[in-house]
Amino acid sequence: MVVLGNMSRDEIYTWVVALLAEMFELEASALTPQSNLYADLDIDSIDAVDLAVKLKQLTGLRLQPEVFKTIRTINDVVDALSARPEESSI
């Protein structure tokens, strides 16, 4: 399990980029914090749910529906994960 509380924001970003690249066969070097998951990376709603499930499996953190709905960019994912890593549900 990945312990986000021990990671800096930059480390979380690097980890998220690697995860996205692996899950969706993307070129990691082409990803930026402003990359839009839907418009730029062609991730659909089912892919987004898969991402949320994978994040829960790897970190133990469950993204609350109201947080999940606001995520649009890679930076949003990092913000959600780094906001309250000590809690089991964000």
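For the chain, the alpha carbon convex hull comes to 83 Å³ per residue, rounded to a whole number. Projecting label points 7 angstrom from Cα along Cα→Cβ for Y38 and S8 puts them 3.3 nm apart. Between 0 and 90 degrees, the angle of helix 74-83 with respect to the longest Cα principal axis of the chain falls at about 0 degrees.
Taken about its Cα centre, the range 33-90 carries a charge dipole of roughly 200 debye when the Cβ of each Lys and Arg holds +1 and the Cβ of each Asp and Glu holds -1. Helix 45-59 and the longest principal axis of the Cα set of the chain meet at an angle near 40°.
Helix 9-24 sits at what angle to the longest principal axis of the chain, using alpha carbons and giving 0 to 90 degrees rounded to 10? Roughly 50 degrees between the two axes. A crude spin-label estimate for the pair A83 and V53, with each label 7 Å from Cα along the Cβ direction, gives 2.3 nm.
Here, each number is a calculation from the coordinates, and none is a lab measurement. Just so it is clear, the structure is predicted and the values come from calculations on it, not from any experiment. So basically every Cβ, Gly included, is an ideal-geometry build from the backbone, and we count neighbours across all protein chains shown.
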